[in-house]
Structure formats: structure tokens, C-alpha cells
Amino acid sequence: MNYTDQDKKDLLNLIGKNINYYRYHANNTKIMNEKGFVTIERLAEEIDSSPNMLYNLTAKNVEQGVSVVFLDRLARTLDVSLSCFFLKEPILNPPKYND
């Protein structure tokens, strides 16, 4: 099977879309703001990254690569299963990180 540039773009878009979704549906209420979601700035602070990295990762027109370790840190911080970032349809009550 050939892995095309379009496959890569689609995967990165899917991951970015799901990161945004789970910022609003995180299991970790300790890092949510008063509106009930996790800001990119707060998430970046929690995972010791830059907000620009997360902005690029979640932007539709930017192809920002990402490592599995980085995704694992995001999953731990949001307390969602790592597999949630690869779902074609996100789920409202995601499994917790260790489930």
C-alpha cells in the first residue's frame, strides 16, 4: 500500500480536529476554564509545549507533524484514551486515559 501525501494530510487533519474536540470534552476537569473547556494556552502549559505548536497542529491548512509521545502527553493531560485522537467520529464521553 502506498502512503500518499494526501493520506498524511488527512491523518494530521483528523488528529487536529480530535484534539480540538477533546479540549471541549476532556475528562480532566482540573484544567478546564470557567466555561468548561481547556484553552490551547492552558493545554500547552500543562504538557510543557508552546501554544503555537498546538495552534499549528489543530489548524486545517497547516501540516504540523506530531510524535506519538506528544500525543500521549496530550491524552494523559486531557485524560482521554490515546486512541480518541484517531477516531473518525469523536465520542461525547471518551474513555479515560487508562481505560
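Restricting attention to the range 50-70, report how many residues are of a type in the set (S, T, Y) and more than 13 Å from the chain's Cα centre (by Cα). The number of residues fulfilling the criteria is 1.
Sub-6 Å Cβ pairs linking a first residue in the range 43-62 that is in contact (Cβ under 8 Å) with a residue 40 or more places away in the chain and among the aliphatic types (A, V, I, L, M) to a second residue that is surrounded by 14 or more Cβ atoms within 10 Å (Cβ to Cβ) and outside any helix (DSSP H, G or I), at least 6 apart or interchain, are L57/Q64; L57/V66, ordered by first then second residue. Entry remark, the range 79-90: residues being among the aliphatic types (A, V, I, L, M) and at pLDDT below 95 number 0 in total.
With a requirement of 1 or more residues that are of a type in the set (K, R), the helices (runs of 4 or more DSSP H) lying completely within the range 34-84 that satisfy it span 40-46, 68-78.
Among the residues of the range 1-33, those that are polar (S, T, N, Q), loosely packed, with under 12 Cβ neighbours inside 10 Å and assigned to a loop (DSSP other than H, G, I, E, B) comprise N2, T4, N33. Just for the range 67-83: of the residues that are touching a residue at least 24 places away in the same chain (Cβ under 8 Å) and in contact with a helix residue (DSSP H, G or I) (Cβ under 6 Å, 6 or more places away or on another chain), which one is nearest to T29 (Cα to Cα)? So, considering only residues that are touching a residue at least 24 places away in the same chain (Cβ under 8 Å) and in contact with a helix residue (DSSP H, G or I) (Cβ under 6 Å, 6 or more places away or on another chain), the one nearest to T29 (Cα to Cα) is L78.
The values are calculated or read from the model by the stated rules, or taken from the named source; none is laboratory data. Because the structure is predicted, anything quoted here is derived from the model rather than measured. Because the Cβ atoms are built from the backbone with ideal geometry, glycine has one as well, and the counts that use them run over all protein chains shown.
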